[in-house]
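Student: Before we start, here is the structure in question, set down as structure tokens.
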Amino acid sequence: MAFDEKTASPEELLEFYMGKYKNPNPVAKWLTNGFFRSVEKMLNDLPRDARILEVGCGPGVSTRRILDMLQGQYLEASEFEQRLVDLHLQKGFPVTLSQESVYSMHRADNEFDCVLLLEVLEHLQETETALTEIFRVARQTAIISVPNEPLWRTMNFLRGKYWRDWGNTPGHINHFSTQGLVDLVSKFGEVVSVQNPIPWTIVRAEVRP
């Protein structure tokens, strides 16, 4: 039976989102570690008293990886899917976690020094609404990642995945090249750093005065 995200139990949903992180293939692990090394490079100059928010934390793997990178900075996370939030809280989550939509965040303007949106934008119908909120809440920095297209789909296709959809991962409704992401994010902030850990694009942008 095909997986139905809408009717899945919290445990089934978590297991589904954990799929890419549980891949035992050493190449897949190397790629994932490269992604997080690039994220760490973008975080390493934040002051010790910085407040950081990760929006759309999903299965929580990225939150835990980010927490290990920090040197005393405050980290908080949020997630839209209430089933995941409830399950994380039941199991014990390492940082403060709340449910919210990236389209309408229950945050004050400039509440966090740095806001991260990792592997979320490709799933969203209203990308500009989401980025408006991210840059509203961020006081200084936003870090945003997406799959680097068409490389992402090409790699899926070559490994025999999602052939009927030409390598497109289910749920990805937006497709960004590196330049496409830079152009989009530049509408909201000043892009100061771009990383391309295969097969992703990660940009760091500073909030304009």
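Student: Condition (residue is at pLDDT below 95 and of a type outside the set (S, T, N, Q)) applied to the range 98-106: is it met by at least one residue? Before the answer, list the steps.
Tutor: From the range 98-106, those at pLDDT below 95 are none; that's our starting set.
There is no residue in the range 98-106 that is at pLDDT below 95 and of a type outside the set (S, T, N, Q).
Student: To continue, here is another question. Filter the range 39-68 for residues that are in contact (Cβ under 8 Å) with a residue 60 or more places away in the chain, closer than 14 Å to Leu116 by Cβ and over 13 Å from the mean Cα position of the chain (by Cα) and give the result.
Tutor: Residues satisfying the conditions are Lys41, Met42, Leu43, Leu46, Ala50, Arg51, Ile52.
Student: Enumerate the helices (runs of 4 or more DSSP H) found wholly within the range 1-93, keeping only those where 3 or more residues are at pLDDT 95 or above and either of a type in the set (S, T, N, Q) or within 27 Å of Leu151 (Cβ to Cβ) (or both).
Tutor: 26-43, 61-69
Student: Hey, does the range 76-97 have a residue that's more than 25 Å from Leu13 (Cα to Cα), surrounded by 13 or more Cβ atoms within 10 Å (Cβ to Cβ), in contact with an Asp or Glu (Cβ under 7 Å, 6 or more places away or on another chain) and not polar (S, T, N, Q)?
Tutor: Here is the first cut: in the range 76-97, the residues more than 25 Å from Leu13 (Cα to Cα) are none.
The answer is no, given that none of the residues of the range 76-97 is more than 25 Å from Leu13 (Cα to Cα), surrounded by 13 or more Cβ atoms within 10 Å (Cβ to Cβ), in contact with an Asp or Glu (Cβ under 7 Å, 6 or more places away or on another chain) and not polar (S, T, N, Q).
Student: Related question: Do we find a residue being without any contact (Cβ under 8 Å) to a residue 12 or more places away in the chain, exposed (fewer than 12 other Cβ atoms within 10 Å of the Cβ) and hydroxyl-bearing (Ser, Thr, Tyr) anywhere in the range 3-19?
Tutor: Within the range 3-19, one or more residues are without any contact (Cβ under 8 Å) to a residue 12 or more places away in the chain, exposed (fewer than 12 other Cβ atoms within 10 Å of the Cβ) and hydroxyl-bearing (Ser, Thr, Tyr).
Student: Hey, another quick one. If Glu76 meets every condition in (1) closer than 20 Å to Val207 by Cα; (2) of a type outside the set (Lys, Arg); (3) touching a residue at least 40 places away in the same chain (Cβ under 8 Å) apart from one, which number is that one?
Tutor: For Glu76, the exception is condition (3).
Student: Check Arg136 against each of (1) without any contact (Cβ under 8 Å) to a residue 40 or more places away in the chain; (2) outside any helix (DSSP H, G or I); (3) of a type outside the set (A, V, I, L, M) and name the one condition it does not meet.
Tutor: Here Arg136 clears every test but (2).
The values are calculated or read from the model by the stated rules, or taken from the named source; none is laboratory data. Treat the numbers as computed from the prediction; the structure is a model and nothing was measured. Every residue, glycine among them, receives a Cβ derived from its backbone with ideal geometry; neighbour counts consider all protein chains shown.
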